[in-house]
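The values are calculated or read from the model by the stated rules, or taken from the named source; none is laboratory data. Bear in mind that the values here come from a model prediction, so they are computed numbers and not experimental data. Quick reminder, even Gly has a Cβ in these numbers, built from the backbone with ideal geometry, and neighbours come from all protein chains shown.
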Amino acid sequence: MKDDLWEKYWKQYSLMLSNPFNLIRLKQSIIFYKWLESKFDSLISILDAGSGTGISSIAFAMHRKKVVLLDTSLEALKTSKKFYNFLSLEAEFIQADLFKMPFKRDIFNIVHNRGVLEHFNSKDCIRILSEMSRVGRIISIVVPYWRNIGYQLAKSYCQIFNKTWPFGENIERDYEVNDLIREFKEADIKVKFIKKFGQSAGIEAIFGVFLTSSPFSLFLNHIMQNFKKKRFKDKITVTNKYILKYNILIKLSYLFANLTGSKDSLQILGVKR
């Protein structure tokens, strides 16, 4: 049942490849790559374990690193292939289980994911982290920062009005910093870096809930499908510089984030012991 739900989610998402919030993720991917490059040597091979759209790894592909995108969902992999083909980027796409990935030990320099662990209980997260550290040296995780105002508003709306949470089978669990630290330690990963970041201020969560549960959902879906892909591609250059001419949604989210000081993501990075 859970697998069917994710297949349905990614099939719907594939209609919105040019989702304007992907511009924010692209910017964050570039910043993440630059930071890693300044801290670690030999970033040659990258595994995105639970890759979804694969956009979190685009900066690595832009720099001609070996990028492997792994997901349990075939529809997610189809979506990421569309992204990468559209941008003329190379990657390997593998459908496999996060708990038992088909790779030899220590084959990747970095293994990372974004928006994955919050969908699992703590015991399963430790299993996933252990498997990630089996196949890679550096482990990076990004989860939603649960204290984010927009994120909490979206979750509260679904709970109060008994609406479907659009990002998975159940409403995601809330992650505290100490939860991530504990799970890393139990997976025998040494924590090196923790930070809160992001300026979407949870607007994407609100938008996602509104898109799937409001009377205007068809209208909003029509807008997203007609957001021209060219506008996304034009914002990327091969020199790793980017130009973001933010549309109204992104402008609003940045304004809200600056007014509230509300970060939307929590990242933790570690190395195997």
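General observations
- Filter result for the condition that a residue is surrounded by fewer than 16 Cβ atoms within 10 Å (Cβ to Cβ) and in a loop (DSSP other than H, G, I, E, B), over Asp174, Asp124: Asp174
- Hits in the stretch 134-151 (condition: under 24 Å from Thr53 (Cβ atoms) and surrounded by fewer than 19 Cβ atoms within 10 Å (Cβ to Cβ)): Trp146
- Leading residue by the ranking (nearest to Val116 (Cα to Cα)) among those in the stretch 51-103 that are of a type in the set (Asp, Glu) and out of contact with any Asp or Glu (no Cβ under 8 Å at 6 or more places or on another chain): Asp71
- Some residue of the stretch 124-138 being aliphatic (A, V, I, L, M) and more than 21 Å from Phe32 (Cα to Cα): yes
- Single unsatisfied condition, Lys185 versus (1) part of a helix (DSSP H, G or I); (2) farther than 30 Å from Ile44 by Cβ; (3) among the basic types (Lys, Arg): (2)
- Candidate set from the stretch 15-36 (those that are in a helix (DSSP H, G or I) and more than 27 Å from Ile110 (Cα to Cα)); member that is modelled with the lowest pLDDT: Leu15
- Unmet criterion (only one of (1) part of a helix (DSSP H, G or I); (2) of a type outside the set (S, T, N, Q); (3) out of contact with any helix residue (DSSP H, G or I) (no Cβ under 9 Å at 6 or more places or on another chain); (4) more than 24 Å from Asp264 (Cβ to Cβ)) for Pro102: (1)
- For Asp3, the stated conditions do not hold, so it cannot be described as among the charged types (D, E, K, R), in a loop (DSSP other than H, G, I, E, B) and modelled with pLDDT under 90.
- Qualifying residues in the stretch 83-139 (those that are in contact with a His (Cβ under 9 Å, 6 or more places away or on another chain) and β-branched (Val, Ile, Thr)) - the one farthest from Thr72 (Cα to Cα): Ile138
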